[in-house]
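Below is one structure; the comments refer to it alone.
The values are calculated or read from the model by the stated rules, or taken from the named source; none is laboratory data. Since the structure is predicted, the reported quantities are computational estimates derived from the model, not experimental observations. Don't worry about glycine lacking a Cβ; one is built from the backbone with ideal geometry, like all the others, and counts go over all protein chains shown.
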Amino acid sequence: MDSDVGPISGTPEVVALDPDVGLVETAERICSSSWGMNTDFNAVFTRLILPLALENKLKPEDMIKRIFVYVATLSVCSNEC
């Protein structure tokens, strides 16, 4: 999960990124992910991060400690991505 991202939406999902592809391909993958036109931090924690941690039997000390949130305008992730 080191190279995964998750849109902060009401229906969050893991978007797996391939560290071996270039920046353009990575940006296209992120831009094409579904974010549902909404923002829901609680859903990311309760419907994505916590279930993944439980599924993978992570110990409390191995849990995610920091999350980085990148905000972009819609023009950044347009059809030109």
Within segment 28-46, restricting to residues that are charged (D, E, K, R) and closer than 20 Å to Leu17 by Cα, the one that is surrounded by the most Cβ atoms within 10 Å (Cβ to Cβ) is Arg29
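Out of curiosity, is Leu50 under 14 Å from the mean Cα position of the chain (by Cα), in a helix (DSSP H, G or I) and either at pLDDT 85 or above or surrounded by fewer than 10 Cβ atoms within 10 Å (Cβ to Cβ) (or both)?
yes
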Among residues of segment 53-63 being aliphatic (A, V, I, L, M) and surrounded by fewer than 12 Cβ atoms within 10 Å (Cβ to Cβ), the residue farthest from Glu13 (Cα to Cα) is Met63
